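The values are calculated or read from the model by the stated rules, or taken from the named source; none is laboratory data. It should be emphasised that the depicted structure is a prediction, and the values quoted were computed from it without experimental measurement. When we count neighbours, we look across all protein chains shown, and the Cβ atoms used for this are built from the backbone with ideal geometry, even at glycine. Heads up: the accessible areas ignore ligands, DNA and RNA and are worked out on the full protein's heavy atoms, side chains in. Shrake-Rupley method; radii C 1.70, N 1.55, O 1.52, S 1.80 Å.
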Amino acid sequence: MKLIFLILTTISFSVAFAVKPVDKSDKRYYDETYRPQFHFSPEKGIMSTPAGQFFYKGEYHLFYQYQPDTTASAPSQWGHAVSKDLIQWENLPVLNFSDSGDKECPPYAGCAVVDEKNITGLQQGDEKTILLFYTGRECGQCMAYSNDKGRTWKKYNKNPLIQPDKDNALGPKVFFDQLSGKWIMTIYRCPDGDINKQGISIYNSGDLLHWDFQSHLEGFCGSADLFNLTLDGETKWILSGSNNEYLIGKFDGRTFTPETKSRRIDSGKNFQGAHAWTNLPDGKVIQIAWMRGGKFPEMPFNGQMNFPCELSLQKSQTGILLCRKPVNGLDKFFARDLKKKGKNLIPGLKGNLVGAINGDALLIKGIFDPKTADVFGFTFRNGKKSSGTILKYEPARKVLECLSRQTLVEPENGKLELEILVDRTSIEVFANGGKTVLSSCFTPTEGEEYLELWTQGGELFVDQLEIYTIKSVWEGNRK
């Protein structure tokens, strides 16, 4: 079972590439060939899944499993960054929870919450206590806390909160449930050490320190997130797993009851371990995930997050869907733009409608009427040395495809709406208001930045199209 535990927590964290050292005097610092320009990536080292996020006094905190030692095969620390807008990030010192008395307990997945009412009694001074719940490998579920807005951390001196067992529990996610008046913790477990019983266990607590088991739902792999959203005035609960699947259902403070079949959060090839921020105002749910499996050759870092997305529920022909839309704010970094409206694109006649704009960081928004087209789409990052990367839609099959991943997308009123984020190493495609999303990484040829919109077999009508080039959000990190 230790092997299973290691597999689930490291999630392909092994290193099979060279990582260059960081040189802050280099003029390309934070502007390296494969450095994402508006997605989060660590300054150096190797990152993995989000490990805990919270919002406090205007700051969004992001934690992630992190390994600065590129010769290692598993995460040993948590990276930490903070932002005021979820786009521009400041790196903070890493957190190292590797010791627990005489026993080393490397931290794996976890979460963060704000103890607004000082239920734990750990507050010192005026700032609310921030609590980090995390799994210490072979040490159970543990806690650390901060009294200075998350800048420094202390381990709770009575760890673990939940003793380790042969169930290999990991990935606590904690939140307050208004209906039951209890704090809730979800944990991935294999009861009795049986992998066939793997799933999500639910615990509750009145003081955030003592936890009681309530129920177990089989069928999920890896740490989970449990949150609610409102649809037509009705509260619905969403249970999502690090295996990129989610269920919609009911939650009574003890048991989650599914009402839908399992669906994928994202249909791309690089999306793993999504988790939402806690303590957000106005009931918003904003989520971020690791783009697992991305390639960053000869870079001082390995790994990036997807772009943060606000979640909502929407009705569709196939039932209620969890939808994702990129958070607002990228407009502050627009450099150039191209706008078209009411244009017919005919194979071999009109040429490239978007040839006047190109780049390695783009936001594309468009509404398309396929009319008689057999297939249409975009080609990104092509040029003299490369044929580029293709995003295409086949109206007859209703299939959207990018970077070898396909998904069904039903047109709405006969049209396809697309919002596309292109960064130096990733393409994220949001179709029909985020009902379907494809998030994938790629490794384009340096210097090739041509963009093309094309159609084959028939006419494509472009209702409206907006394309913006995006400036780097990392300017403040360069020395």
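Before moving on, here are some points about what is shown:
- Selection of region 416-437 for residues being of a type in the set (Val, Ile, Thr) and either open to solvent by 10 Å² or more (accessible area, probe 1.4 Å) or under 15 Å from GLU466 (Cα atoms) (or both) yields ILE420, VAL422, VAL429, THR436.
- Those residues of region 355-393 which are touching a strand residue (DSSP E or B) at 6+ places or on another chain (Cβ under 6 Å), surrounded by fewer than 21 Cβ atoms within 10 Å (Cβ to Cβ) and β-branched (Val, Ile, Thr), in sequence order: ILE357, ILE367, VAL375, THR379, THR389, ILE390
- Looking across region 283-307 at every residue that is in contact with a Ser or Thr (Cβ under 7 Å, 6 or more places away or on another chain) and of a type in the set (Lys, Arg), the one that is most open to solvent (accessible area, probe 1.4 Å) is identified as LYS295.
- The condition (being in contact with a Gly (Cβ under 7 Å, 6 or more places away or on another chain) and among the hydrophobic types (A, V, I, L, M, F, W, C)) is satisfied by just one residue among VAL375, VAL399: VAL375.
- Within region 170-263, strands (runs of 3 or more DSSP E) holding 3 or more residues that are open to solvent by less than 10 Å² (accessible area, probe 1.4 Å) and hydroxyl-bearing (Ser, Thr, Tyr): none
- Qualifying strands (runs of 3 or more DSSP E) (wholly inside region 321-399; at least 3 residues being touching a residue at least 60 places away in the same chain (Cβ under 8 Å) and under 21 Å from GLY434 (Cβ atoms)): 362-369, 375-382
- Breaking point among (1) open to solvent by 60 Å² or more (accessible area, probe 1.4 Å); (2) modelled with pLDDT under 95; (3) closer than 30 Å to TYR30 by Cβ, for GLU310: (2)
- Qualifying positions in region 114-142 - in contact with a Gly (Cβ under 9 Å, 6 or more places away or on another chain), in contact (Cβ under 8 Å) with a residue 60 or more places away in the chain and crowded, with 23+ Cβ neighbours inside 10 Å: ILE130, LEU132, PHE133, TYR134, THR135, GLN141
- Each residue in region 283-320 was checked for being part of a loop (DSSP other than H, G, I, E, B) and not small (Gly, Ala, Ser), and 16 pass.
- Any chance GLY268 is modelled with pLDDT of 95 or more, in a strand (DSSP E or B) and of a type in the set (Gly, Ala, Ser): no
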